[in-house]
1. If I filter the stretch 1-33 down to residues being more than 12 Å from the chain's Cα centre (by Cα), surrounded by 15 or more Cβ atoms within 10 Å (Cβ to Cβ) and small (Gly, Ala, Ser), which single residue comes out as modelled with the highest pLDDT?
2. Could you tell me whether any residue of the stretch 95-103 is more than 21 Å from PRO116 (Cβ to Cβ), modelled with pLDDT of 95 or more, exposed (fewer than 11 other Cβ atoms within 10 Å of the Cβ) and polar (S, T, N, Q)?
3. In the stretch 96-117, what residues are more than 17 Å from PRO29 (Cβ to Cβ) and either in contact with a helix residue (DSSP H, G or I) (Cβ under 7 Å, 6 or more places away or on another chain) or not β-branched (Val, Ile, Thr) (or both)?
4. Taking the options GLU121, GLU111, GLU82, name whichever one is modelled with pLDDT under 95, surrounded by fewer than 19 Cβ atoms within 10 Å (Cβ to Cβ) and among the acidic types (Asp, Glu).
5. If you scan the stretch 43-60, which residues turn out to be hydroxyl-bearing (Ser, Thr, Tyr) and closer than 13 Å to ALA106 by Cβ?
6. Here are some conditions: (1) within 11 Å of the chain's Cα centre (by Cα); (2) surrounded by 19 or more Cβ atoms within 10 Å (Cβ to Cβ). ARG64 meets all but one. Which one does it not meet?
7. Taking the conditions exactly as written (within 18 Å of THR24 (Cβ to Cβ), free of Cβ contacts under 8 Å to residues at least 60 places away in the same chain and surrounded by 14 or more Cβ atoms within 10 Å (Cβ to Cβ)), does ALA75 satisfy them or not?
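The values are calculated or read from the model by the stated rules, or taken from the named source; none is laboratory data. Since we're looking at a predicted model, the values are computed, not measured. Here the Cβ positions follow ideal geometry from the backbone for every residue, glycine too, while neighbour counts run over all protein chains shown.
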Amino acid sequence: MRHVVASAFLVWSAAFVNAHDALTMSVSPVQSFSPTNLTIRIRVTPDADNRALELVADSGEYFRSSRVQLDGADAPPTVSVEMRNLPGGTYDVRGILINSAGQTRAVVRKEVIVLPSAGGESRR
């Protein structure tokens, strides 16, 4: 039941943010074998209040984040970040747009699946 509620929230939040087009995200690959390198591309609608973009990959067992400073309306419209060598797991990848007061302006989410390497599972 918890997964259903969480999934419903993720779909709702992504639809809400995309409807306003303040923040969109693409993640590649969405499914791969570990270790993997994720490329995250965020499209940010320019706004004077945009100050930072936080990118998070969280599987519950592994966490990685990166924070990029934005210069308001002068910031580039697209930010790309690569997260290297992620281990196996199902990741909640989030892009979080932060304003000048340090508050969240918008959030986008994608699920990424990193499968355990076949070679790593058979060795003992």
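1. Only one residue tops the list, namely SER32.
2. yes
3. LEU97, ASN99, SER100, ALA101, GLY102, GLN103, ARG105, ALA106, VAL107, VAL108 - these are the residues of the stretch 96-117 that are more than 17 Å from PRO29 (Cβ to Cβ) and either in contact with a helix residue (DSSP H, G or I) (Cβ under 7 Å, 6 or more places away or on another chain) or not β-branched (Val, Ile, Thr) (or both).
4. GLU121
5. Matches in the stretch 43-60: THR45 only.
6. Of (1) within 11 Å of the chain's Cα centre (by Cα); (2) surrounded by 19 or more Cβ atoms within 10 Å (Cβ to Cβ), only one is false for ARG64: (2).
7. In short, yes.
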